[in-house]
Every structure is written in C-alpha cells, then in structure tokens.
1. Leaving out ligands and nucleic acids, note down the accessible area per residue over the chain with a 1.4 angstrom probe, in whole Å².
2. Can you send over the carbon and sulfur percentage of the accessible area for the chain, probe radius 1.4 Å, protein chains only?
3. Please state the charge dipole magnitude for the chain, taken about the Cα centre, from unit charges on C-beta atoms (+1 on K and R, -1 on D and E), reported in debye and rounded to the nearest 20.
4. With each run of n ≥ 4 DSSP H residues scored as -39500 (n - 2.57), what mean residue ellipticity at 222 nm is computed for the chain after dividing by its residue count and rounding to the nearest 500 deg cm²/dmol?
5. Report Arg14's accessible area, 1.4 Å probe, all protein chains in place, as a number in Å² to the nearest 10.
6. So what is the relative contact order of the chain, in percent, for Cα pairs below 8 Å that sit 6 or more residues apart?
7. What nm distance separates the two modelled labels at His16 and Ser129, each placed 7 Å from Cα along Cα→Cβ?
8. Report the Rg/Rh value for the stretch 23-93, based on alpha-carbon coordinates and the Kirkwood definition of Rh.
Amino acid sequence: MSDTDVAAWAALLRVHAAVVPTLDRELQAACSLPLTWYDVLLELNYAPERRLSMGELGQRAVVSRTRVSRVVDALAEAGLVTRESNPDDRRSAYATLTDAGLERFRAAAPVYLDGIRRHFTSLITADESRTIAAALQKVLDAR
C-alpha cells in the first residue's frame, strides 16, 4: 500500500470526524434535530410511499443497523414517523414518514445543505467533488 493510499484513507476519516459533528451541532441548534434523525428522515423521504422496512432503512441510513431501531423509536415518539408491523412477517416492521416528519425534514434541509456547502463543497472544486463522488461510489459498489 502506498503512502498516498494511506493518506487518502486518513483524510477521509479525519474529514468525516470533523464535518459530521459540526453538521450535527448546526442542525440541533437551528432545528432541534440530531443528524441521525435527519438521516433517517432523508432516507424515508426518498423511499417509495415514504416507507421502508427496518431492514432496508438499516442498509440505507448512515446510522448503524442496531442504532436505526432506537432512532426510529425516538422519531415515532416525536410523531415524525410511524412504526408499523409487517402483516406478512411479524418479525419485521416498517417505518413511514408522517406529515409532521416531512415538514420537519423540509425545514431542516436548507440548514443541512448549507452546512455541506460551507464545510465541504465550497472548499473543493467541482472537478474534485465529481472525482471524490465517483471514487467513493466505486468503493460502495464493491460492497
């Protein structure tokens, strides 16, 4: 493994460790919404019928699969999602975005997107952004 490879990996980890907590603080300060909640709302917003099985949500959301259940429970308690039993398989459940959850997601989106712009994309060129996206997608596709 080359020094460049190690440096790329280390930079990815350091950027993640620096930017994610900053985005979390900004979302919580502006919208009283933790980044983990926003991530789950984001995935549900783009899902068909704004609904995913807990397994699908665990695969898509950035939070760990074990933590996604706790996040959904907290979102359900806040009225932002509903958790519904799967009538075909009692061992699984669905999470569905509520109207209140959609409203909260839409209110938080500008804060989230502005944070990404200020803390990440404004610091790199459009070509660098495309290169990063393509390279990281290759890694995801190999999983």
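The values are calculated or read from the model by the stated rules, or taken from the named source; none is laboratory data. These numbers were taken from a predicted model, which means no experiment stands behind them. Glycine gets a Cβ as well: all are built from the backbone with ideal geometry, and neighbour counts include every protein chain shown. Heavy atoms of the whole protein, side chains included, go into the accessibility calculation; ligands, DNA and RNA do not. Shrake-Rupley method; radii C 1.70, N 1.55, O 1.52, S 1.80 Å.
1. 66 Å²
2. Details: 5200 of 9440 Å².
Roughly 55 percent, rounded to a whole number.
3. In debye, rounded to 20, the chain gives about 160.
4. -23000 deg cm²/dmol, from helical runs alone.
5. Probe radius 1.4 Å; accessible area of Arg14 about 150 Å².
6. 22 percent
7. Each label point lies 7 Å from its Cα, and together they span 2.2 nm.
8. Working: Rg = 12.3 Å, Rh = 12.5 Å.
Result: Rg/Rh = 0.98.
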